[in-house]
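Asks: Got a structure for you, written out below as structure tokens; questions coming shortly.
Values in this text are rule-based calculations from the coordinates and carry no lab data. Note that this is a predicted model, so its numbers are computed, not measured. Don't worry about glycine lacking a Cβ; one is built from the backbone with ideal geometry, like all the others, and counts go over all protein chains shown.
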Amino acid sequence: MAKMSPPPGTADIFPDEIPLWYRLENSAKQVFSRYGYGELRTPIFEYTEVFQRGLGDDTEVVQKEMYTFVDRGGRSLTLRPEGTAGVMRALLNTDVMNGNEKRVFYIGPMFRGEKPAAGRRRQFHQIGVENAGKMAPELDAENIIMLMHYLEEVGITGAKLLLNTRGGFADRQPAEAALRNHFAPHIEQMCDDCKIRLEKNVWRILDCKVDCCQAIINDAPDATDSFSQESKDYFKRVCELLTAMNIDFKVDSRLVRGLDYYVHTVFEVVHPGLGAQNAIAGGGRYELFLPNTKKPVIGVGFAAGLERLMMVQEALQVPIPKPEVHTVFLVSQGSAALEFNLRQANLLRRAGVVVALEVEAKSIKAQMRAANRVKASTVIICGETELEQGLLVVKDMASSEQSELPVDKLLEYCLELGA
Ligand code: HAM
């Protein structure tokens, strides 16, 4: 039969890969809960305007990458390209706007119509956290510390933390003017995207990776120089706190991040073990506007890409967790034995035992092969004679030793296997 792949930039995740996902997800739940974060699950799609307003109309994500559709009710909806806007939309229904802190994390798929490449998917998965409602450099530092703690917990070493400040909204205009004055005389030598960015969002030029733009970007003035003293002090405090906690970081004045809601602290964690898509996590402080609200929701947070974390774990050969599972395979000879085994399987599974059995009438040999396929540690054989005598045959698959087991001891025996 012809094979059928999932759409470009998406992937099926099979059961043998799932332990890698569980490891990242379970560690996130453990680590984040120690900092007081609870899980929030928001819809996979939102009203399109949540992202347009939340992320900024001029961002690449909103302009080029969103999966937007009109539903049967004529609503414009979008598959979430990131988690922060939807989470803030949900938190608006709480007392977060009164300055009460809310700490939430989320795990799940995000969708961006980017060109698929190694480490770049159209459906990818993020683990993210948001600390909403309050603003303080201490909270920004704690957020970053939690990210580094998490990365340590999942065995990721050698990651680099890049840090920058976008200043407050009031700092934007003078900084943008300085950047425009620098780029405008050179714009003809720059790429087509940068020509548009000069008009629409000059910060994004700093993020450009195209060769012909690099020398001009390298000579750009440091936008932070024009920031208010208050904004500079805010950033200084974040840096001091991280230094005091022994967190290594590099201030990178070109780090602007791709979403417009950021203010003050922005950060990204990159790993040299990855190719061009080397960002394993990113985040920062934000003031996010939502439709029909006059005031932004404030907060600080980050998201890490699960696929990229796994790529780094693989490169670092972080051991794969293999929980010890004892599978008991019930072999049946004849229909009465099969019925008996189906009843026993039901009882054993309810008691917590992993049970496999063959429901089609097959030879003992074929059933033993099936037991090997599921890597059963124990096989228990039942036929007419065994039923008459009330004695089952037990085979230990590792030693090939056989013994007899009274029917009424089956549950006890199986429970001891897993103990
Ligand atoms: P972001 O930098 O756009 O930030 O994404 C965070 C992480 O998601 C990236 O560092 C990367 O690991 C992963 N990622 C992004 N796009 C893709 C893709 N196409 N394929 C695979 N992985 C990808 C945000 O999404 C913000 N919401 C983070 C945040 C939370 N800021 C404040 N709070």
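Asks: Please report Rg (one decimal) and Dmax (integer) in Å for the Cα set of the chain.
Replies: 28.2, 96
Asks: Using Cβ counts within 10 Å as a stand-in for footprinting exposure, how do Ile298, Ile144, Ile320 rank, fewest first?
Replies: On the way: Ile298 20, Ile144 26, Ile320 12.
Listed from fewest to most nearby Cβ atoms, that is Ile320, Ile298, Ile144.
Asks: Let me ask something else. In whole Hz, what ³J(HN,Hα) sequence does segment 320-329 give by Karplus (6.51, -1.76, 1.60; θ = phi - 60°), x for Gly and Pro?
Replies: Residue by residue, segment 320-329 yields 7, x, 10, x, 6, 10, 9, 9, 9, 9 Hz.
Asks: A further question on this structure: Going by average Cβ density within 10 Å per residue, which order do the peptides 35-42, 124-131, 67-74 take, highest to lowest? Walk me through the numbers on the way to the answer.
Replies: Numbers: 35-42: 14.6, 124-131: 24.1, 67-74: 9.8.
Packing order, densest peptide first, comes out as 124-131, 35-42, 67-74.
Asks: Residues with amide H under 5 Å of Thr265's amide H, sequence separation 5 or more or different chain, H placed in the peptide plane at 1.01 Å from N; which?
Replies: Arg166, Arg285
Asks: Summing +1 for each Lys or Arg and -1 for each Asp or Glu, what net charge is found among the other residues whose Cβ lies under 12 Å from the Cβ of Leu91?
Replies: Working: positive: Arg89, Lys102, Arg103; negative: Asp95, Glu101, Glu130.
Spelling it out: positives minus negatives among the neighbours equals 0.
Asks: What is the distance in Å between the Cα centres of segment 20-69 and segment 375-419?
Replies: Answer, in whole Å: 49.
Asks: Placing +1 at every Lys and Arg Cβ and -1 at every Asp and Glu Cβ, with all other atoms neutral, what dipole size does segment 142-250 have around its Cα centre, in debye to the nearest 20?
Replies: Numbers: 13 positive and 18 negative charges, 33 e Å.
For segment 142-250, the charge dipole is close to 160 debye.
Asks: Show me, for segment 274-290, the HN-Hα J-couplings you get by feeding each phi into the Karplus relation (A = 6.51, B = -1.76, C = 1.60, θ = phi - 60°), rounded to Hz, glycine and proline as x.
Replies: Once rounded to whole Hz, the list reads 9, x, 5, 8, 9, 7, 8, 7, x, x, x, 7, 9, 10, 10, 8, 10.
Asks: For the peptides 247-259, 352-364, what is the packing order when you average, over each peptide's residues, the other Cβ atoms within 10 Å and list the highest mean first? Before the final figure, lay out the partial values.
Replies: Working: 247-259: 16.6, 352-364: 14.8.
Going by the mean number of other Cβ atoms within 10 Å, highest first, we get 247-259, 352-364.
Asks: State the antiparallel share, in %, of DSSP beta bridges confined to segment 154-307, rounding to the nearest 5. It would help to have the intermediate numbers written out before the result.
Replies: Numbers: 20 of 22 bridges.
Here the share of antiparallel DSSP bridges comes out near 90 percent.
Asks: Okay, moving on. With only alpha-carbon atoms counted, please give the Rg and Dmax of segment 196-307, in Å.
Replies: 15.6, 43
Asks: Moving on. Local charge sum around Arg373 (other residues, Cβ-Cβ under 14 Å, Lys/Arg +1, Asp/Glu -1)? It would help to have the intermediate numbers written out before the result.
Replies: Working: positive: Lys362, Lys365, Arg369, Lys375; negative: Asp16, Glu358.
Spelling it out: positives minus negatives among the neighbours equals +2.
Asks: Once you list every other residue whose beta carbon is under 13 Å from the beta carbon of Ala178, what net charge do they have if Lys and Arg are +1 and Asp and Glu are -1? Intermediate results must be reported in sequence, preceding the final value.
Replies: On the way: positive: Arg172, Arg180; negative: Asp171, Glu176, Asp219, Asp222, Asp225.
Residues near Ala178 contribute -3 overall.
Asks: For the chain, what proportion of DSSP beta bridges, expressed in % and rounded to the nearest 5, is antiparallel?
Replies: Values: 53 of 66 bridges.
Among the beta bridges of the chain, antiparallel pairing accounts for roughly 80 percent.
Asks: Also, I was wondering about something else. Output the pairs from Lys322/Lys395; Lys64/Lys295; Lys209/Lys250; Lys3/Lys365; Lys29/Lys294; Lys160/Lys209 with a Cα-Cα distance over 30 Å in this structure; if there are none, say none. Spell out each step's value before the answer.
Replies: Working: Lys322/Lys395 24 Å; Lys64/Lys295 27 Å; Lys209/Lys250 19 Å; Lys3/Lys365 32 Å; Lys29/Lys294 34 Å; Lys160/Lys209 19 Å.
In this structure, Lys3/Lys365; Lys29/Lys294 lie more than 30 Å apart at Cα.
Asks: Just how large is the dipole of the chain about the Cα centre, in debye to the nearest 20, putting +1 at every Lys and Arg Cβ and -1 at every Asp and Glu Cβ? Provide the component values of the computation, followed by the final result.
Replies: Working: 49 positive and 56 negative charges, 146 e Å.
It works out to roughly 700 debye.
Asks: Rounded to the nearest 20 debye, what is the charge dipole size of segment 214-302 about its Cα centre when +1 sits on each Lys and Arg Cβ and -1 on each Asp and Glu Cβ? Mind showing how you got there, number by number?
Replies: On the way: 9 positive and 11 negative charges, 63 e Å.
Magnitude of the dipole: close to 300 debye.
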